[in-house]
Every structure is written in structure tokens, then in C-alpha cells.
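Structure first, then comments.
The values are calculated or read from the model by the stated rules, or taken from the named source; none is laboratory data. Only a predicted model underlies this, so the values are computations on that prediction, with no experimental measurement involved. Here the Cβ positions follow ideal geometry from the backbone for every residue, glycine too, while neighbour counts run over all protein chains shown. We work out accessible area using only protein heavy atoms, side chains counted, and drop any ligands, DNA or RNA first. Shrake-Rupley method; radii C 1.70, N 1.55, O 1.52, S 1.80 Å.
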Amino acid sequence: MIPEGTEVVLRVTAAGVCHSDLHVREGGFDLGHGRRMSYEERGVKLPLVVGHETTGQVVAAGPDAGEIDPDTHYVVYPWCGCGSCPACKDGNEQLCVTPGFLGVHRDGGYATQIRVPHPKYLFEIGDLDPTFAAPLACSGLTTYSALKKVEPTLKSHRTVLIGGGGLGLMCLQLIKALGGQAPVVVDIDPTKRAAAIEAGAAASVDPADKDAIAQIHAACDGAPMAAIDFVGAPATSELGFDVLGKGGTLIMVGLFGGATPWALPLIPMKSVSVRGSYTGSLSEFDELMTLVRTGALSPIPTRTWPLTQAQEVMDLLEDGKIIGRALLINDAEATG
Ligand SMILES: [Zn+2]
Ligand SMILES: [Zn+2]
């Protein structure tokens, strides 16, 4: 791989396996009401290397990339925009109208090397383990940006996290790092509920229980003011909406698919805000990495597999069999 212009080529040291990779593999999303979003119709060309949680070390840099130390270990910000649309000019490349996200629109990290368009997307990881640092680029940044949107109530109220997978556990650790109250985690899987309690959740609730909302209210000492839905299915967003107190905020993060199930009159009557949150900005990633370098963030459980087993690991994730984060690595030291 020969870098051109400002490009930098890294040798990949770890690649996180994210739920979004499954959607890229499927080719799109179910939008409900019989609609579907297709990556192909949006100009994504195959073959494509997925993977947007990547760490690596520089092997080559283009003539305009400047001096880069080959011994420094980096995590890659993958949500690269065009640089010239209004969102990019506002510093929100993740909301770019013609995005070039690594692992979605351009080749990503399930590979031995990755091409990064500019060194501004590289963040030093210092002594952090690559398997800890790689997931920060998506699950870390996504949860950080979601939490920033409910920051005013993080310390005064318990937050409800729906989905105890990689994102939910990362969010739990970030709430602790930000000094917030221990959250309540909702998940249908008893193993994930146990992992959430182990990680410090105030309570974990099975949404299939008839009194799930009453259980959440009891654990929150009243109706919560913030819920974050990391699943994004009709049933989870319905629970997130219904559980909130008046004036509360539901942040939608998960991309499972489907259409909204909310009672429309209750949106004004409860004065509920429903807000989407998609990954995070380059400056938020800078904030997150600064926080992480202080040592405030505890690691989430991780397991590693050799890169050659990428398909199998994606199948395990699809079947809900991954606790915490799965990572692909290039050497033979995988634990999976
Ligand atoms: Zn992701
Ligand atoms: Zn743009």
C-alpha cells in the first residue's frame, strides 16, 4: 500500500468487531414501514474491508503528511468527512453529507494494513493496550457523544442504558469516569445483565418482565430523566420512551432497525425529547482520548481472535454470543 498526498498507511494491531459491521455485511438497514436503506444505493462499492475500530503503527506516509514517528502507536478516528460541506466545516465530520468513513465507505481495519486519509485522524494511545484503545473509536466515542447529550442529569439522576453489549458496558464505564450516578442496565440476556452488575451497574432489569418499568423506576428512585437505547429496535425504543419522566430525554444510538412505536400525544404531554446520536466528532474524540489518558476509564471485557476468523466472530456477534468487545488481531496471541 503506497500512501499519496496526506495519506498515512498503518500496520493494523487490533480491529474491533462492531454491530455496524454486521449491517455493512448485510448491505443495509431495515427502516420499518417496508422501507430499507441500502449501502449500495448510497454508492458503497464492493469489495470493501469493514472495521472502524482500529489501532496501528505507521509504515508509510504520503509526501504531504508531515513527519510521523513510526514507533508511535495510534487509534484511528474513522468517521472521515469530505471536509467542505457545512457539517464538516462545523467540525461534525461524522454528519458529513458525502462521508468517507473507514470501514463503511472506504476500506477499514479487518486487514493487515489500513490507509488513513490524513494524520489528523490519528490519536496516540501511549501505553494503552491496543485491544483497549481500538474500541474507543466507535463504542467509546459513540457512548461518549451520547452521554454529552444528557450530561446535565448524569450526576443528579441514574441513567437507563438499554442493551448491555459492548456499547452498554463501555457507557457504564464512561459514566463512572465522568463522575455520574451508577446507571441501570436493561437487557434480555441474563449473562449480559450479570456482566453489567459485575461492571458496577446499580441494577439490571429484564425488559421481558411485566413490571420492567416499575423495576427501573424503583432502581432509579423515581422516573429517570435520561435513557440511551443502544439496541434501536421498536421494543427497546418503546421501553426507553415509556420509562422516562416528564422532561426526560431518550437518546437513540442503536441501529437494529424498524419503525417508531411511540404514542404521539405523550411526546408533548411528557415534554420528552428524542434525540439521535451517531458516533461523535473529531473534537469529542480528542476529549475522550484526553479523559482516557488520565486512567479514569476502566477496560471492558475483551476477547481476541485471529484476523482469519473474522466471519466466525461476526456470526457470534450476530447470535448475541459476545460479552464486551471482540477484536481481531494479526498475530497468534488471540485468546478466542
Ligand atoms: Zn461501530
Ligand atoms: Zn462533509
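Only one entry of Leu328, Leu297, Leu317 meets the criterion of being in a helix (DSSP H, G or I), open to solvent by less than 40 Å² (accessible area, probe 1.4 Å) and either assigned by TED's automatic domain parsing to the domain that holds Met37 or modelled with pLDDT of 95 or more (or both), and that entry is Leu317. Checking Lys148, Lys89 one by one, the residue that is under 15 Å from Leu291 (Cβ atoms) and away from ligand 1 (no atom under 13 Å from the Cβ) is Lys148 and no other. Here Thr302 does not qualify as open to solvent by 70 Å² or more (accessible area, probe 1.4 Å) and of a type in the set (Val, Ile, Thr).
Okay, residues lined up against (1) crowded, with 19+ Cβ neighbours inside 10 Å; (2) over 11 Å from Val160 (Cβ atoms); (3) in contact with a His (Cβ under 7 Å, 6 or more places away or on another chain); (4) without any contact (Cβ under 8 Å) to a residue 60 or more places away in the chain:
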residue	(1), (2), (3), (4)
Ala218	no, yes, no, yes
Ile228	yes, no, no, no
Val231	yes, yes, no, no
Ala235	no, yes, no, yes
Glu238	no, yes, no, yes
Met252	yes, yes, no, yes
Leu255	no, yes, yes, no
Pro265	no, yes, no, yes
Val272	yes, yes, no, yes
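So, of the residues in the range 18-58 that are closer than 16 Å to Gly254 by Cβ and in a strand (DSSP E or B), which turns out to be farthest from ligand 1 (Cβ to nearest atom)? My answer is Gly32.
All conditions but one from (1) open to solvent by 80 Å² or more (accessible area, probe 1.4 Å); (2) within 15 Å of ligand 1 (Cβ to nearest atom) apply to Leu102; the one that does not is (1). The residues in the range 54-108 that are more than 16 Å from ligand 2 (Cβ to nearest atom) and touching a His at 6+ places or on another chain (Cβ under 7 Å) can be counted, and the count is 4. Residues in the range 275-288 that are buried (at least 17 other Cβ atoms within 10 Å of the Cβ) and either closer than 17 Å to Ser237 by Cα or out of contact with any helix residue (DSSP H, G or I) (no Cβ under 7 Å at 6 or more places or on another chain) (or both): Ser277 alone. Can you name every residue in the range 107-118 that is touching a Gly at 6+ places or on another chain (Cβ under 6 Å) and either in a helix (DSSP H, G or I) or open to solvent by 20 Å² or more (accessible area, probe 1.4 Å) (or both)? Within the range 107-118, just Tyr110 meets the criteria. Of everything listed in (1) free of Cβ contacts under 8 Å to residues at least 24 places away in the same chain; (2) surrounded by 15 or more Cβ atoms within 10 Å (Cβ to Cβ); (3) assigned to a loop (DSSP other than H, G, I, E, B), the single unmet condition for Ala87 is (3). The residue that is modelled with the highest pLDDT, among those in the range 132-181 that are over 19 Å from Leu282 (Cα atoms), open to solvent by 30 Å² or more (accessible area, probe 1.4 Å) and touching a Lys or Arg at 6+ places or on another chain (Cβ under 8 Å), is Gln181.
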